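Down below is the structure, laid out as structure tokens.
The values are calculated or read from the model by the stated rules, or taken from the named source; none is laboratory data. The shown structure was predicted, so the numbers you read here are calculated from the model rather than taken from an experiment. Cβ: placed from backbone, ideal geometry, glycine included. Neighbour counts: every protein chain shown. Side chains included, ligands, DNA and RNA excluded: accessible areas come from the protein's heavy atoms. Shrake-Rupley method; radii C 1.70, N 1.55, O 1.52, S 1.80 Å.
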Amino acid sequence: EYGIVRPKGYNVTFHTNPEMEKHHFGQTHPMKPWRLTLSKSLIMSYGMPYAMNNYIARTATYEELNDYHSQDYLDYLGTVLPEPVPRDVDGGTNEMRFNLGGSDCPLFEGLYDYCSMSAGGSLDAARKVCNKESDIAISWGGGLHHAKKMEASGFCYINDIVLAILQLLRCYPRVLYIDIDVHHGDGVEEAFYSTDRVMTCSFHKYDPVSFFPGTGALDDNGPKNEYNPGAHHAINVPLNDGITDEQYGWLFENVIGSIVERFRPSAIALQCGADSLAGDRLGRFNLQVQGHGQCVAFCKKLGLPMILFGGGGYTPRNVARAWTWETAIALGVDKKINPVIPQHTPWREHFRQEELLPTLEQILGDPKPNKNPQKRILEIVQHVQEQLRFVQH
Ligand code: ZLM
Ligand code: CA
Ligand code: ZN
């Protein structure tokens, strides 16, 4: 009915696990796995599954998770639940060692399954891209960029992105990781800090005192020792509240365009955290679906094999619209659709009345004052250019 056709000779693969979406972090926890169900329902209502190859994500095996995460951390993740958390008498509790059980990273029923499904989707995506069976592979259930080798952090327990990039490195010499979640992609940056085969670039709200995780300053560019191959291979774009589509888009194209020219990546891993949209419960930016999607469109135009990951996003109806629009961009049918909610869409009541209107230029939330002076934006671009002069391939 929307005239969605499969682009010939171009494969988009879509990796999801409906079981993952049934997990709960707790009543008022901002992370709501059902936003994936809402997104998928909207994607289906446009007929997009007909234009791509759809896969039910496997659960990642213990061995696969162990490619990055430590065994004692995985063992603990796998054994505690759903029983009450056992205490470790000396040396503090395991919850403290692994940052588990607090309000950000609660221990909930089925946690290990939830984590292995998220990682399974991203691993499947990476393998399809490696085999050339996929030009763009989508894993909206992944993108959990804060998880560390032996520590949970910021709603993330298993770093599916690191695991997927490790797979990409088996068949591509250089991978560019881009992160448009409103938070700093610290876990991915840390994992590849000492290699020149992965360049990481995160755009985020930066405030070392009051915004999580507090890292990702402009001059955090990798190891300071020039002899470490990872030097200059971490790019950070620290931003302030209220950035608009126009400023963000200009910065994104400038920064990513320069990186691609200099680093010449052979594949791209793009984390599409939707908490950088206006009106997000945790975010502070003023991005619209269009501006957020423009980043995906720019990356697609580079013509490199790519994985799209999910990530943050705490106003579910906005998450669904952004990821639907971005699935359409991956498919190349974005001109024909508009993230309007079709009449027959299940879960339609989750969208506000005014958001059912047929337009792309929607205001997703109350706009925040823009605290990003143009002078600072130019400074950022200049600093990135200086870093890239050290990169030679
Ligand atoms: N308190 N409940 C982004 C990860 C952001 C650390 C300050 C917890 C919350 C937040 C949890 C129900 C990604 C911090 C916050 C309150 C220490 C963060 C449970 C509300 C609630 O109502 C809440 C009782 C909770 C957590 C707000 N936590 C907001 N911001 C950040 C983590 C993850 O989007 O980048 C990728 C998926 N944590 O600021 C505190 C310092 C815990
Ligand atoms: Ca980011
Ligand atoms: Zn986030």
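A few points about this structure:
- Applying a threshold of 7 Å to beta carbon distances and a minimum spacing of six or more residues, or different chains, the list of pairs starting in segment 324-336 at a residue that is among the hydroxyl-bearing types (S, T, Y) and ending at one that is part of a helix (DSSP H, G or I) reads T324/S39; T324/L42; T324/I43; T327/I43; T327/M48.
- The residues of segment 232-268 that are part of a helix (DSSP H, G or I), under 23 Å from R170 (Cα atoms) and open to solvent by 20 Å² or more (accessible area, probe 1.4 Å), listed by number, are V260, E261, R262.
- Here V296 fulfils each of the conditions (1) out of contact with any Asp or Glu (no Cβ under 6 Å at 6 or more places or on another chain); (2) open to solvent by less than 10 Å² (accessible area, probe 1.4 Å); (3) away from ligand 1 (no atom under 15 Å from the Cβ) apart from (1).
- So P346, is it in a loop (DSSP other than H, G, I, E, B), open to solvent by less than 50 Å² (accessible area, probe 1.4 Å) and closer than 20 Å to R35 by Cβ: no
- Filter result for the condition that a residue is within 16 Å of ligand 1 (Cβ to nearest atom) and over 16 Å from the mean Cα position of the chain (by Cα), over D241, D179: D241
- Within segment 190-206, none of the residues are within 15 Å of ligand 3 (Cβ to nearest atom) and over 19 Å from G311 (Cα atoms).
- Subset tally (residues that are assigned to a helix (DSSP H, G or I) and touching a residue at least 12 places away in the same chain (Cβ under 8 Å)) for segment 37-56: 12
- Any hit, segment 215-233, residues being within 16 Å of ligand 3 (Cβ to nearest atom) and without any contact (Cβ under 8 Å) to a residue 40 or more places away in the chain: yes
- Residues in segment 1-46 that are under 30 Å from H146 (Cα atoms), among the hydroxyl-bearing types (S, T, Y) and open to solvent by less than 40 Å² (accessible area, probe 1.4 Å) were compared, and the one that is farthest from the chain's Cα centre (by Cα) is S41.
- Considering the conditions (1) in contact (Cβ under 8 Å) with a residue 60 or more places away in the chain; (2) within 16 Å of ligand 3 (Cβ to nearest atom), N318 is excluded by exactly one of them, (1).
- Here H204, H183 are screened, and the one residue that is open to solvent by less than 10 Å² (accessible area, probe 1.4 Å) and within 16 Å of ligand 2 (Cβ to nearest atom) is H204.
- Against the list (1) assigned to a strand (DSSP E or B); (2) more than 15 Å from the chain's Cα centre (by Cα), the condition P173 fails is (1).
- Checklist (1) within 26 Å of V319 (Cα to Cα); (2) assigned to a loop (DSSP other than H, G, I, E, B); (3) of a type outside the set (F, W, Y) applied to K132, failing item: (1)
- Unique match (being touching a strand residue (DSSP E or B) at 6+ places or on another chain (Cβ under 9 Å), modelled with pLDDT of 95 or more and among the charged types (D, E, K, R)) among E379, E326: E326
- P229 being farther than 14 Å from E386 by Cα, within 16 Å of ligand 1 (Cβ to nearest atom), assigned to a loop (DSSP other than H, G, I, E, B) and not aromatic (F, W, Y): no
- Subset tally (residues that are under 12 Å from E326 (Cβ atoms), within 12 Å of ligand 2 (Cβ to nearest atom) and not in a helix (DSSP H, G or I)) for segment 272-305: 2
- Total residues in segment 306-339 satisfying the condition of being outside any helix (DSSP H, G or I) and open to solvent by 30 Å² or more (accessible area, probe 1.4 Å): the figure is 5.
- Identity of the residue in segment 134-175, away from ligand 1 (no atom under 16 Å from the Cβ) and within 24 Å of S39 (Cα to Cα), that ends up surrounded by the most Cβ atoms within 10 Å (Cβ to Cβ): A137
- For P213: the one exception among (1) touching a helix residue (DSSP H, G or I) at 6+ places or on another chain (Cβ under 6 Å); (2) away from ligand 1 (no atom under 14 Å from the Cβ); (3) on the phi < 0 side of the Ramachandran plot; (4) not β-branched (V, I, T): (2)
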